[in-house]
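Report on the following structure.
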Amino acid sequence: MDSIQEPRGRRRRERSGARKAAKILEGVGGVLICALVIATPWMFGTTEEWSVRLMNIGSYCAGTIFLGAAICNRVAGVQREEERKWFRRGFFALNVAVLLFCAAAWWNWRATFSVETRSFTYREEESLKWLPTTYDADLTRETFLTLLACCIAFWSLRSWIAGGERRSTDAEDSAVFRNRRFQAIAWVLALNGLAIALQGILQRLSASPKLLWFRDSYSGFATGCFGPFSYRGNAAEYINLLWPVALGLWWALTRERKRIQGDGRRFTDGPELMLIPATLVMIAASMITLSRAGAVVAVAILFLIAGMFVLQKRLSKGVRLGIAVFVFVVLGGTWLLYSKELKHRFTAAGVGDMSGRAEIYKNVDLMMKDFPAFGSGPGTFRSTYQMYRQSPTDVWHGFLHDDWTETRITFGWVGFGLIVVNLLALAWWMFARGRAPVPREFTWCAAAGLLGALVHAKVDFPFQTYSILFTFVVIAAVLTTVSPERR
């Protein structure tokens, strides 16, 4: 018997050791992911090579850590049952399809571009016409590495949150209280958004044209930048992603605490109360950026969320009145403080042609015709646009200020179609059943922020900015780990 029990005991020790190693790796990986979420906007929006490289390396490291944790969990015999494995695998396959598209274009490159000489160097041998290609191999390589990092961050974050689930009790049946990792990433997003908003407001009040008060901005004037973002539109896009998360988290935490403690709980109970002023500050900041599209999107999201809440039959008249007062305070207070500046932005010269965007939109019609199926190559707009300017004296724009059309030009119908299918699958997944339950108000609010970014992308370039793309991916990953409650 001893000879039989010894191997079994050894296997138990091995499994126990593997599980401990997995927990350590998950803890390290979780800290790294939270650090990346916090760091990406503060590194001047992650718009420079050094910051992009750091974020990519950090994401690759996180992926390696969670891969190691998954191996240890497999050795330990830990299996996590998740809803609809076929759909999860299908979505992963869609992610891989986009990455393979970029990799094929990079491998099958047709030309490289030199910024110094402003000229193309064409490949000696002809590229394969039936595969995606690119006219700037370097930019396509950067796009591929960035998308790969975001994909790794998405699946790593999902793995980390899923590993934090514990069995529910009668008193705690919501993922908000059952999963501390879920709470941690939601709080990190909300508080980081608040910090960016506060710093940006103080910087704007000081009339400083420098990012974080020490770094020269791209525009060189105080109202052109905001916080660590050199472009005020990017700042508004980032903040509009995060304040709906903060509002949804407050609603979910308050509702759960009331359910557990009963109607006798005081309104001032709980740390979630600070999320209300945090939301107010962030909404105000998105308008104080003086980004016209940012202000419009912020107001649209606010009314959309308020409408969703008010239309719920179970809400009392007092709660409906409170929602109306909240909307009035946000809009009225911001208008009272910044009405002069906002009026100027919406009536200033250049509004008619969208501050020069009309010229860009006119020039890209030929680009769409020249690159129909596979596009000019992922990330190559800033290189290829110069060839389509009506005059050499026209401005050489680096971004189209329309991410949807720019993606259509650089990825072609094939790549653009793959990205649209990914977005549609993501939307379905966020609202599907079968995962840990969370108050549906949280899902509504966070999803409204994602929708706002997609709408804003029609007149700007949020997804060409690493910090905004990365944050969009993080919020999407959070929403795919929970399911909105059905009542």
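The values are calculated or read from the model by the stated rules, or taken from the named source; none is laboratory data. Treat the numbers as computed from the prediction; the structure is a model and nothing was measured. Cβ atoms come from the backbone with ideal geometry, glycine included; neighbour counts cover every protein chain shown. Surface areas here come from the heavy atoms of the whole protein model, side chains and all, with no ligands, DNA or RNA. Shrake-Rupley method; radii C 1.70, N 1.55, O 1.52, S 1.80 Å.
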Residue pairs meeting the criteria (Cβ under 9 Å; at least 6 apart or on separate chains; first touching a residue at least 24 places away in the same chain (Cβ under 8 Å), in region 234-261; second of a type in the set (Val, Ile, Thr) and open to solvent by 10 Å² or more (accessible area, probe 1.4 Å)): Asn234/Thr47; Ala236/Val297; Glu237/Val297; Asn240/Val297; Trp243/Val281; Ala246/Ile276; Leu247/Ile276; Trp250/Ile276
Subset of region 75-121 (residues that are surrounded by 12 or more Cβ atoms within 10 Å (Cβ to Cβ), among the β-branched types (Val, Ile, Thr) and not in a helix (DSSP H, G or I)): Val78, Thr112
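Here's the yes/no breakdown for (1) under 30 Å from Arg408 (Cα atoms); (2) surrounded by fewer than 18 Cβ atoms within 10 Å (Cβ to Cβ):
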site: Ala35; (1), (2): no, yes
site: Ile38; (1), (2): no, yes
site: Thr46; (1), (2): yes, no
site: Leu54; (1), (2): yes, yes
site: Phe66; (1), (2): no, no
site: Ala69; (1), (2): no, no
site: Asn73; (1), (2): no, no
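Collect the residues in region 408-422 that are without any contact (Cβ under 8 Å) to a residue 24 or more places away in the chain and either within 14 Å of Ala457 (Cβ to Cβ) or of a type in the set (Asp, Glu) (or both), keeping them in residue-number order.
Of everything in region 408-422, just one residue is without any contact (Cβ under 8 Å) to a residue 24 or more places away in the chain and either within 14 Å of Ala457 (Cβ to Cβ) or of a type in the set (Asp, Glu) (or both), namely Val420.
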Members of region 122-167 found to be at pLDDT below 95 and open to solvent by 70 Å² or more (accessible area, probe 1.4 Å), listed by number: Tyr122, Glu124, Glu125, Glu126, Lys129, Trp130, Glu165, Arg166, Arg167
Test: Phe431 is closer than 27 Å to Arg181 by Cα, hydrophobic (A, V, I, L, M, F, W, C) and in contact with a Leu (Cβ under 7 Å, 6 or more places away or on another chain): no
Region 310-369 - residue that is open to solvent by less than 80 Å² (accessible area, probe 1.4 Å), of a type outside the set (Gly, Ala, Ser) and not in a helix (DSSP H, G or I) and, of those, modelled with the highest pLDDT: Gln312
Residue in region 422-429 that is in contact with a helix residue (DSSP H, G or I) (Cβ under 9 Å, 6 or more places away or on another chain), surrounded by fewer than 16 Cβ atoms within 10 Å (Cβ to Cβ) and under 18 Å from Met368 (Cβ atoms) present: no
Top-ranked residue of region 382-416 - restricted to ones that are among the small types (Gly, Ala, Ser) and surrounded by 14 or more Cβ atoms within 10 Å (Cβ to Cβ), ranked as farthest from Thr480 (Cα to Cα): Ser383
